[in-house]
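The values are calculated or read from the model by the stated rules, or taken from the named source; none is laboratory data. Computed from a prediction, not measured in an experiment: that's the story for all the values here. So basically every Cβ, Gly included, is an ideal-geometry build from the backbone, and we count neighbours across all protein chains shown.
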Amino acid sequence: MALPAPTLEMKDAQRSAILELAAAAARGNMEATSALLKQLAPGIIRSAHALMGTAHPDVDDVVQQSLIGLVQALPAFRGECSPAHYASRIVARTVVAAKHRAKVRGERRDDAVELDEVVDLRQAAPGEALLAERRRATVRNLLAEIPEEQAETFAMRIGLGFSLPEVAAATGVPLNTVRSRIRLAKQALKRLIDADPVLLELLEVES
């Protein structure tokens, strides 16, 4: 027998419970911190894979750094957003920082050629799936080329699908600031793409 769908009251109770757990963790309760991490870890892993690419060699490190970063950031959590969105913001910040460090080290790689990146893209023909993943990987890699605040905001909005108000709540900045960062990020990315014929062709952008 199928379980009944959660009611609105059940969802509200679940939201209240995790907010209380996060508040206790923010106060330094280690038991609450452990329980909170257990609940948030799957979402952190999904976000890291979405923003780094499943086959990226640093994705596991980013997950670990995000978990550590979340614990360190918990005392600053005030409940302005959901704990899951707060955690996703930590992941986005960690990913962007990792990409900028890799850029400083001069590392360059093409995530999209890894088989693990495309094995789940079964809705399209193999060639189309590979091209689609190459495009996503290209956009991920371009995050290292724009300022970190813009990249973090862009990653949450485009990479993780947050609404503008959700990004504002998670980052603790006004909605107009989020809009400005997204606009500047798009402009910067367009300049980068326009300057590279290979990217223009890959992303099918009209200059």
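Only one of (1) surrounded by 18 or more Cβ atoms within 10 Å (Cβ to Cβ); (2) closer than 24 Å to Leu164 by Cβ; (3) at pLDDT 95 or above; (4) of a type outside the set (Lys, Arg) fails for Val62. Which number is that?
Tallying (1) surrounded by 18 or more Cβ atoms within 10 Å (Cβ to Cβ); (2) closer than 24 Å to Leu164 by Cβ; (3) at pLDDT 95 or above; (4) of a type outside the set (Lys, Arg), Val62 fails exactly one: (2).
May I ask you to list the residues in segment 12-29 that are within 15 Å of Pro75 (Cβ to Cβ) and among the hydrophobic types (A, V, I, L, M, F, W, C)?
Filtering segment 12-29 down to residues within 15 Å of Pro75 (Cβ to Cβ) leaves 21-29.
If the condition is that a residue be within 15 Å of Pro75 (Cβ to Cβ) and among the hydrophobic types (A, V, I, L, M, F, W, C), then Leu21, Ala22, Ala23, Ala24, Ala25, Ala26 are the ones that fit.
Can you say whether Ala23 is surrounded by 16 or more Cβ atoms within 10 Å (Cβ to Cβ), modelled with pLDDT under 95 and outside any loop (DSSP other than H, G, I, E, B), as far as the supplied structure shows? Walk me through it before giving the result.
Numbers: surrounded by 16 or more Cβ atoms within 10 Å (Cβ to Cβ): yes; modelled with pLDDT under 95: yes; outside any loop (DSSP other than H, G, I, E, B): yes.
Considered against the rule, which asks whether it is surrounded by 16 or more Cβ atoms within 10 Å (Cβ to Cβ), modelled with pLDDT under 95 and outside any loop (DSSP other than H, G, I, E, B), Ala23 comes out as yes.
What's the number of the only condition in (1) in contact with a Leu (Cβ under 6 Å, 6 or more places away or on another chain); (2) over 17 Å from Ser47 (Cβ atoms); (3) modelled with pLDDT of 90 or more that Glu149 fails to meet?
Among (1) in contact with a Leu (Cβ under 6 Å, 6 or more places away or on another chain); (2) over 17 Å from Ser47 (Cβ atoms); (3) modelled with pLDDT of 90 or more, Glu149 violates only (1).
Out of Ala97, Ala102, report the one residue that is under 17 Å from Glu152 (Cβ atoms), at pLDDT below 90 and of a type in the set (A, V, I, L, M). It would help to see each step written out before you state the result.
On the way: Ala97 fails: at pLDDT below 90.
Just a single option satisfies the conditions, and that option is Ala102.
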